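Here the structure comes first, spelled out in structure tokens, and everything after it is commentary.
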Amino acid sequence: MKLKLFPAGRNVRCAVLAVSMAILSACDSDSNGSTALLPTVANVEPTPELYEAFRLARQATFGPTTELVAAMRERGLRAWIDDQLAAPSAYDDPDDARLSHLQRMIVMAEALEPDADWYPSALAGRAGEPVFSGAASRSSLHYQNSVWFENALHAPDQLRQRVAYALSQILVVSFSESPLDSRAEALAHYYDILARHAFGNFRDLIGDVARSPAMGVFLSHQGNRKTSGNTTPDENFARELMQLFTIGLYELNLDGTPKQDANGQLIPSYTQDDIEELSKVMTGWDLRFNSRYGLVRADEGSLIHPMEFTPDEHETSEKQLLGQIIGDAGSGEDLDAALDILFYHANVAPFISRQLIQRLVSSNPTSGYVERVAAVFENNGFGERGDLKATVRAILLDPEARDERRAREPAGGKVVEPLLAYTGLLRAFSVQPLNGWFNNRVEGTAPAVESMYYFRSDFGWDLGQAALRSPSVFNFYSPDFVPQDGFYHQGREGQALVLPELQLRTPANIAGMQKLLRIDGNTLPEVNELVRRYGSVEQFVADTSNWVNRDQIALVDYSPLLQTFDLALDGTRDGVYEGLDSAEQDASRRTARQRAISATLATLELMLLGNQVIEETQREALVDYFDSAPVFTWGDDSERVHKMLGYMVQYVALSADYLARN
């Protein structure tokens, strides 16, 4: 069945959302029965509508929650954005309690495998201090991925984390290059670079990226050697630094449209000579504490320190990049000179601004939107170029970002990529760590842990993507992907329309997402289902066989759906489900079960889709299916209701990642 969603009229939509919000608030109320909807305070700006806050939450976080939407409405959207831009982070004070990705990964690794050789003596001997190496355990990649999820799901600086994820899809590094597939600390260290500079300056960001051991290994300028005989420097990083990370293939106007020469042809941004000259700049950089220059092995060098410069391996000759001369360099200062040339290139502002808009707000921003944001990138109002904090603020507060009607247009908004659809679902259902699990696959001591998630590094293949796991430097999808559809090829003003994330909408990925959402199988533990089947969450955890082979160890809570169903069914929330099979009909000729199904679908729409309403004919078809399908007639009442709601979540969630638009 194809789910068709449409923008309902404002009065109808608000009425439906208000009813559903009231049900959600009732589910979350305390024992005195209070059902106060949302706090109201004096506001500089008008209180945003529910759907307006929901849209911003989709754009600026890893998924809306009831509490987050309420906070946005209380503070106002502009104030909430400014609060997030000023929020403290793990990068403010190295001695405070907030942990970076790398720090948290190390804590997790040491807790789960205290006997592992995380600090190899040979590396410590060369460094003069202990240096962490994930090569001690094949589980280190799982720990790094689990920490990424922990931050995505719960970090209070959601906007910083969301921008870091967007940057990771532009300045791509992946575990696909050895030894990154065994040295997960390199990925955590790299992600910290992105998160640290998410609200900083783009020039500082690319400076740290260029010296990052993860990027050095991934794009092979680590251990790059100067010209010698027939051997020339590796050009990989030099090429991608220009093509993908800074200026792009062709010269651009400030609004992102391509410039043309007198013959109407696109103008290349750089030449092969520029690549060769820049590759010379990228010589002489190597991992710290390597036993020999250029080694790339699982047991060599530090992947958590910036690369160091080795003068003897550096091409010191004069270089010419994009028409500018870079003088002789014996100390590596030509790297900064080259990065300055790229940073001040006219293409950088529109090239990076458009991609950030695509990752956060809209796949097809108008040229005006790109130009407004690019202008802020060029000058934040105080004479600073490359201010990412100002750029992100401009992206989120632009009229095109905040205009809900524009997002409803066929060319507006963006398809939600599978990973964000999944984190959004987990956050919507109050995901929490499942305490008491341990890594049963390690040698030696395997302590049980609390307040830690487990998401296997390769579980993302079910979704078709995972952070820092792309198959190549070109990410999981192209920012210029055009679906095979006449509407998108015809486009707007002669320009094809793109839907990058739709590249991941494959049958295999759809099936994988469905598998991950199952609560009645060996996949996603749900608190009420565990209580129903095992008596308690603790009893579930006590039997190791229940969770040792799971791809994810996390606990979601479908209580709002169960309570909505129960309340609509018999007017109570006691979990008894009286009248589940009653044939009595109301004035609209609906049974109690049909009313309960319809109310639960409305609540699901609010939680996962925000401001969209399922078309009435489709709703009736869904109600009929969940009311009459044989699979929902087996078992006792509680089992049947849990199964019904599990399937509802799968259905609406699978629709949300495709049809819900920012």
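The values are calculated or read from the model by the stated rules, or taken from the named source; none is laboratory data. What you are looking at is a predicted structure, and each value in this text was computed from that prediction instead of being measured. Here Cβ is always computed from backbone atoms with ideal geometry, including for glycine, and neighbour counts include all displayed protein chains. Please note that ligands, DNA and RNA were not included when accessible areas were found on the heavy atoms of the full protein model with its side chains. Shrake-Rupley method; radii C 1.70, N 1.55, O 1.52, S 1.80 Å.
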What part of the accessible area of region 342-499, given as a whole %, is carbon or sulfur when the probe is 1.4 angstrom?
49
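Counting Lys +1, Arg +1, Asp -1, Glu -1, what net charge surrounds PHE429 among other residues with beta carbon under 10 Å of its beta carbon?
Values: positive: ARG427; negative: GLU526, ASP557.
With Lys, Arg at +1 and Asp, Glu at -1, the net is -1.
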Please state, to two decimals, what the Cα-based radius of gyration of region 314-399 comes to when divided by 2.2 N^0.38 Å (N = residues).
1.35
Just to be sure I understand the model, the point goes 7 Å from the Cα along the line to the Cβ. What's the resulting ASN435 to TYR344 distance in nm?
5.7
Rounded to a whole number, what % of the accessible area of region 80-190 do carbon and sulfur atoms account for, probe 1.4 Å?
49
Charge dipole of region 521-572 about the Cα centre (unit charges at C-beta), most positive-ward option of LEU555, GLN539, VAL527
GLN539
One quarter of the convex hull surface, Cα atoms only: what value does that give for the chain in nm²?
32.4
Residue by residue through region 474-481, what is 3J(HN,Hα) from phi via Karplus (6.51 cos²θ - 1.76 cosθ + 1.60, θ = phi - 60°)? Round to whole Hz and write x for glycine and proline.
8, 6, 7, 8, 7, x, 10, 5
In degrees between 0 and 90, to the nearest 10, how far off the longest principal axis of the chain does helix 507-516 point, with axes built from Cα atoms?
60
Taking the Cβ-Cβ separation of GLN484 and LEU295 as r and a Förster radius of 35 Å, what is the calculated FRET efficiency to the nearest 0.05?
0.15
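Averaging sequence separations of C-alpha pairs under 8 Å and six or more residues apart, then dividing by the length of the chain, give the relative contact order as a whole percent.
Worked out over the chain, it gives 17 percent.
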Where does helix 158-168 land angle-wise versus the long Cα axis of the chain, in degrees 0 to 90, nearest 10?
50
Interchain or long-range residues, amide H under 5 Å from PHE455's placed H:
SER146, ILE553
Sum up the charges of everything whose Cβ sits under 12 Å from the Cβ of ARG595, counting Lys and Arg as +1 and Asp and Glu as -1, but leave ARG595 out.
-2
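Calculate, for ASP636 and SER317, the FRET efficiency according to 1/(1 + (r/R0)^6) with r their C-beta to C-beta distance and R0 56 Å; round to the nearest 0.05.
Numbers: r = 80 Å, r/R0 = 1.43.
The value I calculate is 0.10.
Find the eigenvalues of the gyration tensor of the Cα atoms of region 534-662, then list the square roots of 5 times those eigenvalues as equivalent ellipsoid semi-axes, largest first, in whole angstrom. Don't skip to the end; give the middle numbers.
Working: eigenvalues 141, 87, 33 Å².
Sorted largest first and rounded, they come to 27, 21, 13 Å.
Rounding to the nearest 20 debye, state how big the charge dipole of region 237-294 is about its Cα centre with +1 on each Lys and Arg Cβ and -1 on each Asp and Glu Cβ. Mind dumping the intermediate values first?
On the way: 5 positive and 9 negative charges, 71 e Å.
Here the size comes out at about 340 debye.
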What residues from region 250-270 fall in the zone where the backbone N is under 14 Å from a label point 7 Å along the Cα-to-C-beta line of ALA496?
none
Between ASN379, GLY223, HIS197, whose Cα lies farthest towards the positive end of the dipole of the chain when Lys and Arg beta carbons carry +1 and Asp and Glu beta carbons carry -1, centred on the Cα centre?
ASN379
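Evaluate the charge dipole of the chain about its Cα centre and quote only its size in Debye, nearest 20, assuming +1 on the Cβ of each Lys and Arg and -1 on the Cβ of each Asp and Glu. Intermediate results must be reported in sequence, preceding the final value.
Numbers: 59 positive and 91 negative charges, 294 e Å.
About 1420 debye.
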If R0 is 30 Å, what FRET efficiency do you get for GLU616 and GLU578 from their C-beta distance, rounded to 0.05?
0.60
Taking 0.36 nm per residue of separation and subtracting the Cα-Cα distance, what length does fully extending SER228 through ALA629 add?
137.1 nm
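On full extension of the chain, what length is gained from THR271 through VAL107, given 0.36 nm per residue of separation minus the C-alpha to C-alpha distance? Write down the numbers at each step before the final one.
Details: separation 164, 0.36 × 164 = 59.04 nm, distance 4.63 nm.
Length gained, THR271 through VAL107: 54.4 nm.
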Computed over region 78-150, Cα set: Rg, Dmax in Å
15.9, 52
For helix 333-343, report the angle its Cα long axis makes with the longest principal axis of the Cα atoms of the chain; keep it between 0 and 90° and round to the nearest 10°.
50
Report the dimensions of region 183-294 along its three principal axes from the alpha-carbon atoms, largest first, rounded to Å.
55, 44, 19
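Give me the net charge for the shell around ARG196: Cβ to Cβ below 13 angstrom, other residues only, Lys and Arg +1, Asp and Glu -1.
On the way: positive: ARG98, ARG160, LYS389; negative: ASP92, ASP93, ASP157, ASP192, ASP204, ASP208.
Combined, the nearby Lys, Arg, Asp and Glu give -3.
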Paramagnetic label zone (point 7 Å from Cα along Cα-to-C-beta, LEU397; backbone N under 14 Å) in region 201-216
none
Only Cα pairs under 8 Å and at least 6 apart count here; give the relative contact order of region 378-481 as a rounded whole percent.
15
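When ligands, DNA and RNA are left out and all protein chains stay put, how many square angstrom of accessible area per residue does region 340-440 have with a 1.4 Å probe?
Per residue, region 340-440 has 30 Å² of solvent-accessible surface.
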The farthest towards the positive end of the charge dipole of region 561-650, of the residues VAL576, SER628, GLN650, given +1 on Cβ of Lys and Arg and -1 on Cβ of Asp and Glu, is GLN650
Paramagnetic reach from GLU384 (point 7 Å along Cα→Cβ, amide N under 18 Å) across region 181-212:
194-208
Out of residues 5 or more away from ASN224 or on other chains, whose amide H comes under 5 Å of its own, with H placed 1.01 Å from N in the peptide plane?
GLY284, TRP285
In 5 Å bins starting at 0, how do the alpha-carbon pair distances of region 477-585 split up by percent?
2, 10, 12, 12, 10, 10, 10, 9, 9, 8, 5, 2, 0
Per-residue [θ]222 nm for the chain (sum of -39500 (n - 2.57) over DSSP H runs n ≥ 4, rounded to 500)
-13500 deg cm²/dmol
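For region 270-349, what percent of Cα pairs sit more than 17 Å apart? Show your work: numbers first, answer last.
Numbers: 1616 of 3160 pairs.
Distances greater than 17 Å cover 51 percent of the Cα pairs.
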For region 222-357, what does the convex hull of the Cα positions come to per residue, in cubic angstrom?
132
